[in-house]
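The values are calculated or read from the model by the stated rules, or taken from the named source; none is laboratory data. Because the structure is a prediction, the values reported are computed rather than measured. Glycine gets a Cβ as well: all are built from the backbone with ideal geometry, and neighbour counts include every protein chain shown.
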């Protein structure tokens, strides 16, 4: 290729810094776009859960004006790359729980029919580049992932719900974490008991639960029964039996 000389060379040298700048800018945009599309860091949420959740009891003031929690909730709104099912489950379970906490901090409460509608269905949240309610997050994203144990991991700000775990969920340890949550809830005599001979016979102890919640518990009980080996009347706490799910 012949070397440029004369006016052509001078024009090229004049454009050269601009072209270099454009190439550098494009490279930086590619790196930034890739970074923004990665899964978010759950470490700040993990630290807050460890500090403010004890035996399932949430210290809401510890989240109220915490800058790290505010940033975590804001970061949930950005697009995330979630390459595996475990990544998706950990991300969306953590997101559900964080947004459920934020809803309480904003004064929403599921203690009445209207309150439940506002808390679960009306309030939309920014999540992974879209707007979504807690109800749709559970039923349109989490449930289609076909992991029934998520129902022991997400919270609903009610005493009848499973405990909020004192740590964030992590893809690498998710199976162990979900198993622990399932065993803890299934063997919790305050929240439920088993009667009869089938896993569908999960009966809540809290008579004030809405019919839908009781039905939901029975459905989840039936699903989780297919995950563990052995019938619940052997491994679960049934009438007249003090054993625990193993």
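Screening residue 92 with (1) farther than 20 Å from residue 42 by Cβ; (2) in contact with a helix residue (DSSP H, G or I) (Cβ under 6 Å, 6 or more places away or on another chain) gives one miss only, at (1).
Residue 209 meets all of the listed conditions (1) at pLDDT below 50; (2) surrounded by fewer than 17 Cβ atoms within 10 Å (Cβ to Cβ); (3) under 22 Å from residue 110 (Cα atoms) but one, namely (2).
For region 40-66, residues that are more than 17 Å from residue 104 (Cα to Cα) and assigned to a helix (DSSP H, G or I) total 6. A count restricted to region 96-130 and to residues that are assigned to a helix (DSSP H, G or I), under 18 Å from residue 73 (Cβ atoms) and in contact with a helix residue (DSSP H, G or I) (Cβ under 7 Å, 6 or more places away or on another chain) stands at 10. Residues of region 142-173 that are surrounded by fewer than 18 Cβ atoms within 10 Å (Cβ to Cβ), touching a strand residue (DSSP E or B) at 6+ places or on another chain (Cβ under 8 Å) and farther than 20 Å from residue 113 by Cβ: 166 alone. Of everything in region 83-140, what is in contact (Cβ under 8 Å) with a residue 24 or more places away in the chain and more than 21 Å from residue 56 (Cα to Cα)? Give them in sequence order. The answer is 84, 85, 86, 87, 88, 125, 126, 127, 128, 129, 137. When restricted to residues that are over 20 Å from residue 157 (Cβ atoms) and touching a helix residue (DSSP H, G or I) at 6+ places or on another chain (Cβ under 6 Å), region 50-77 contains 1.
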